[in-house]
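Below: the structure, in structure tokens.
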């Protein structure tokens, strides 16, 4: 019943795709965490600690942070 493949059972192409996806995920998360750490709290929608947890969720977390977590500033006074 266990149909899961082990790493050694994967083809070189499949291993390469998994490595690529993991690299993209790690780079996205690192960029989002770096941005969150260097962005003032006033420029983040919601608590920073919550966004730090959200970023840890695979591809969706960092993308969600970049799309919704950062407050937009136009540089103009209202």
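Condition (residue is touching a helix residue (DSSP H, G or I) at 6+ places or on another chain (Cβ under 6 Å), modelled with pLDDT under 95, more than 23 Å from residue 18 (Cα to Cα) and in a loop (DSSP other than H, G, I, E, B)) applied to the range 63-71: is it met by at least one residue? Within the range 63-71, one or more residues are touching a helix residue (DSSP H, G or I) at 6+ places or on another chain (Cβ under 6 Å), modelled with pLDDT under 95, more than 23 Å from residue 18 (Cα to Cα) and in a loop (DSSP other than H, G, I, E, B). Total residues in the range 1-26 satisfying the condition of being assigned to a helix (DSSP H, G or I) and in contact with a helix residue (DSSP H, G or I) (Cβ under 9 Å, 6 or more places away or on another chain): the figure is 4.
Residue 32 satisfies every condition listed in (1) within 19 Å of residue 69 (Cβ to Cβ); (2) out of contact with any helix residue (DSSP H, G or I) (no Cβ under 9 Å at 6 or more places or on another chain) except (2). Reported count of residues in the range 27-48, each being part of a helix (DSSP H, G or I) and either modelled with pLDDT of 95 or more or surrounded by 12 or more Cβ atoms within 10 Å (Cβ to Cβ) (or both), is 14.
The values are calculated or read from the model by the stated rules, or taken from the named source; none is laboratory data. All values derive from a computational prediction rather than experimental measurement. Note that each Cβ is placed from the backbone with ideal geometry, even for glycine, and that neighbours are counted across all protein chains shown.
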